[in-house]
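Heads up: the structure comes next, in structure tokens.
Rule-based calculations on the coordinates, nothing more; no lab input. As the structure is a computational prediction, the values presented were derived from the model and not from experiment. For neighbour counting, all protein chains shown are included, and Cβ atoms are generated from backbone atoms with ideal geometry for every residue, glycine included.
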Ligand SMILES: Cc1ncc(COP(=O)(O)O)c(C=O)c1O
């Protein structure tokens, strides 16, 4: 645990050694490593070295992580599955949602991360008919564009909370409500959002929400979670499973499959213990900073960034209105890989996708970081589209 004193964002920045050498503004790719998360990795190694096989501690940590993820989104631990990737979580529900009761259509959007599309296309073998919703007249994929594509055959609507390519932030409550009206289940990929703002799955009345520890949750790849609304859990029977998904993980009974009645049924085999411990440490930092304060801090930085890009005659792929974007701002480029490399040569770490430079601030970034990015963009105006 961290001590209970809440540090300012400026003090929290000192937790992240990378800022001694770099301007790191790339949380959409990987959260920066903190001393606190490093200590959690060390605690895992220490326990292995000293105790050998501390399974009791690992199981306790797994349940602690489940409870902490639940608390992040106002869910109960029984509504949370823990997996090693978003792919595994989405795959578990994709294989388990019934497609044989007169509803076989799966709607996905053009904003999905690959795995969200791929897992649904894989269900074609079970009779799924996958349709893709693209941008409407606004130029973006709005809830009404998705709702317009729903029919009485729609079983699933898969949508992303914040798009990893252009930073568009979806109104996931509206998408889920429209899906429910149509008799479908909404599966939301929240990987690019959790850790950047408060999230209340009950207030938003969500069905399924997937997130992970890699990015804005400030921990590591290799631990993800999935919220499943209680009444849906028993209706979804995954075709992939493991002993940690059973009603009694200590039953050790290979003669049957006895799913947990909770969302643990979407877990799998032996948990990634080291990642579990790191994820807990990442969540400590998010809790200390407080998601509502992170959102307003990052919105302030992004206002400065958006204005600066406009002053440079650059163009955003991200909508200008903060209601419709998350922490990541996507800037159009004529050669995004060259732009990332140019910024890197000035010690500024960003990333790119789909013709856009991605600048993704978090609690540890400050105005000087934004000004450094803008100065580097000014030097490389020729690479702005
Ligand atoms: C929107 C989104 N979903 C999911 C993932 C990761 O998926 P997985 O955990 O299956 O690698 C990412 C990572 O880049 C992402 O940006």
Test of understanding: in a Gaussian network model of the chain with alpha carbons linked when under 10 Å, which of 157, 298, 130 would top the mean-square fluctuation ranking? 130
Which distance in Å, rounded to a whole number, links the C-alpha centroids of the stretch 25-77 and the stretch 172-250? 19 Å
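How would you rank 158-164, 195-201, highest first, on the average number of other Cβ atoms within 10 Å across their residues?
158-164, 195-201
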Take each of the peptides 142-150, 264-272, average the number of other beta-carbon atoms within 10 Å over its residues, and list them starting from the highest. 264-272, 142-150
Highest GNM mean-square fluctuation, the chain, Cα pairs closer than 10 Å: which of 170, 192, 367? 367
Largest first, please: the extent of the C-alpha atoms of the stretch 227-385 along each principal axis, to the nearest Å. 66, 33, 30
More than 22 Å apart: what percent of Cα pairs in the stretch 170-257 qualify? 41 percent
Between 152, 171, 284, find the one with the highest GNM mean-square fluctuation for the chain; connect C-alpha pairs within less than 10 Å. 152
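So, by mean Cβ neighbours within 10 angstrom, what's the order for 11-17, 328-334, 301-307 with the highest one leading?
Result, highest mean Cβ count within 10 Å first: 328-334, 301-307, 11-17.
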Output the Cα-based Rg and Dmax of the chain in Å, rounding Rg to one decimal and Dmax to a whole number. 21.1, 67
For the stretch 45-286, what does the relative contact order come out to in percent, with C-alpha contacts under 8 Å and a separation of six or more? 25 percent
Computed [θ] at 222 nm, helices only, for the chain once each DSSP H run of length n ≥ 4 contributes -39500 (n - 2.57): -11000 deg cm²/dmol
